[in-house]
Each structure stands twice: as structure tokens, then as C-alpha cells.
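This report concerns only the one structure given below.
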Amino acid sequence: MIVSAEAPGKVILCGEHAVVYGQPAIAVPVTQISARATLEETGTGTELTLIAVDQQRTVRYADLDLADPLGVIIRLALLALGETTPPLATLTLSSTIPIASGLGSGAAVSAAIVRVLASYVGRQLPAVAVSELVYQVEKIYHGIPSGIDNTVIAYTQPVYFIRQKVLKTFSAPVPFRLLIADTGLASPTKIAVADVRKGWETDPAKFETLFNRCGEIAQAAYSLIESGHPLELGPLLTANHRLLREMAVSCPELDSLVEAALDAGALGAKLSGGGRGGNMFALVTDETAPSVERALWQAGAKRVITTVIRNP
Ligand code: PMV
């Protein structure tokens, strides 16, 4: 038997970092990039073996370090499915989502693994269960994750999210286009999150003002998308980028991609995710998309993805 499952990448439209402190944030799936898990039965006398294609790594499940994220998600998924022994199979993992770049690669790989194991035992886990399992692994990557990454990836729909309080999936009645550009700089979210915490501890008044403003932006952005006015999001996105700069989670490469996109006619632009590298995105129209994309490449983007947010 062979079974496969996928999970998409994501971008945080607005509210990252502030979401860790209880402010609302919005994230959307990016289905042009994805992680894929394929489980192929190998039969008796064998044991579960993992092939991580992108890392050119083959390892027996039994040999994985206890804290290895791949081992952790397999263990948790098997437990949730009521399985006592791992399948006698080869689990092949591949992904087109760049790692450590704010596009949710870790969460997507975990979600694909949970889904493929569920499908192998003939079950379909609800999104809330997939999200909860992936969250456990996100803790290894992030320290204190808000839960927005596992949520948007497990639900594979746009989400309006307030940590431990609100989870609304929503749709965009009027589609809108984003160009997502990669600085090529890998940046672990954990470090940026920890630095924001240090900043907040040192100057709580300043950081709480910044977090509150990010929250207001997320709320306003949500209303604009839901009411069918996504092209009015631009100034909110750019304002969110400036707030993230004040939190010291931008970097010269992100700033120059943002400025290049704005100069070329993007309606708004901002970094997305943990920052300090990784990806930014620009809100564009069909007319401005080609010139903004050209400007992003000229400003040093290592890759540009186009995605359209629309109703499923
Ligand atoms: O995984 P990233 O880099 O997209 O960042 C997640 C968003 C943060 O708000 C920075 C952290 C979190 O847990 O919400």
C-alpha cells in the first residue's frame, strides 16, 4: 500500500509577534508551495524508515533522537491514532517550502506526516486534531508559539486568530494577489521571538504600544478582506512593516525588498513571520504584478512566488 498527504505553506498577513502577546493576527495558506509525505509499506522484517529528500537524510525511526521533531510528530500522531507500533514502511518527506523563512515549513512537514499516518490507518483526523499535534512540535522550533502557524496549515484556510481565544476561518469574497519574495536568509523564528521578549521586558510600555497597533491593524485588515475591499489593505500592511521594524525584527534585505516593491507600485508590503530574513510579501494588482516582480528580483530576491487569496 502507498498513501500520500500534503500540507501547504503559509504567510502571516499581519499581526506576527504581537500575536504571541494576545493580539489578533491573520494568516493565509499558500498552496503553491507544500510539504508532502508518502508512506509505502515494506512488509514484515522491516521497520519504519524515514527518507528526508531535501536533507538527503535516511534514518530509522527507532534511531531518531527523542527530541527530533520528526520523531516527536510520528510518536504523537501514532498515539493520537491509537496505534501501538509504527508501520512497517518507508516514509518519504519532501517539501518545496524553504526552511526557516517564515513560510511554515516545519509545521507543514509535521501536518503532512500526521495526515499520511492517519490515512494509512484509514482515518481522517479533523483539522483541530492535526493542529493540536503540530503545535506540540512547533514548541521545539519556536519556544513559545502562538499557535497561528499550525492552525492556518492544519485548516488550510485563511484564519483570524487570537491566541487561546479566537479562531475564525474566513474567505475572501474579492480575491487579491500577493507576491512573496525570499531574502534567501534563513532566520530561526525562535531567536526573533526571544529578542522581542527581551525588548518587551526592557521597555514594556513601548512594546505594548507597538503590539496594540499591530492588533488594530489585524482587526481592520480582517474587516476589509471580509467586506470585499482587499485592495485597501495596502497602507495597513506597510504600517505593520514599520511597526515590526521598530520591534527590531526586520533587516536591511527585508527593508530593501519592501521599499523596492512600494516604489514599483505595490499597494502595500511587509515582512512576514519571524523576520530578520525569510520572506516579505507585496500586495499587487494584476496590472502592477509584473513591474513589482521585476523590482523584487532587481532588489535581490532569491525567489518570488505569486499567490491569489480567494474563496476555496
Ligand atoms: O514561523 P514564522 O517565522 O512564520 O513566525 C511565526 C509568527 C510569530 O508571531 C513570529 C511567532 C508565533 O508563534 O506566532
I need the full set of residues from the stretch 106-147 which are in contact with a Leu (Cβ under 6 Å, 6 or more places away or on another chain) and within 19 Å of residue 167 (Cα to Cα), in order please.
133, 136
Quick test of your reading of the structure: residue 208 fulfils all but one of (1) part of a helix (DSSP H, G or I); (2) within 13 Å of the ligand (Cβ to nearest atom). Name the failing condition by number.
(2)
Can you spot a residue in the stretch 174-189 that is away from the ligand (no atom under 16 Å from the Cβ), at pLDDT 95 or above and surrounded by fewer than 19 Cβ atoms within 10 Å (Cβ to Cβ)?
yes
Out of 262, 271, sole residue that is at pLDDT 95 or above and within 18 Å of the chain's Cα centre (by Cα)
271
Taking residue 98, is it within 17 Å of the chain's Cα centre (by Cα), modelled with pLDDT under 95 and either assigned to a loop (DSSP other than H, G, I, E, B) or crowded, with 16+ Cβ neighbours inside 10 Å (or both)?
yes
Every residue in the stretch 87-141 that is within 16 Å of the ligand (Cβ to nearest atom) and of a type in the set (Val, Ile, Thr), please.
97, 99, 109, 134, 137, 140
Conditions (1) touching a strand residue (DSSP E or B) at 6+ places or on another chain (Cβ under 6 Å); (2) surrounded by 15 or more Cβ atoms within 10 Å (Cβ to Cβ): number failed by residue 224
(1)
Elements of type strands (runs of 3 or more DSSP E) contained in the stretch 212-312, each with 1 or more residues being free of Cβ contacts under 8 Å to residues at least 60 places away in the same chain
268-272
Here are some residues: 290, 230, 312. Which one is more than 17 Å from residue 182 (Cβ to Cβ) and at pLDDT below 95?
312
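The values are calculated or read from the model by the stated rules, or taken from the named source; none is laboratory data. Here the structure is a predicted model, which is why all the values come from computation and not from measurement. All Cβ positions, even for glycine, are placed from backbone atoms using ideal geometry, and neighbour counts span all protein chains on display.
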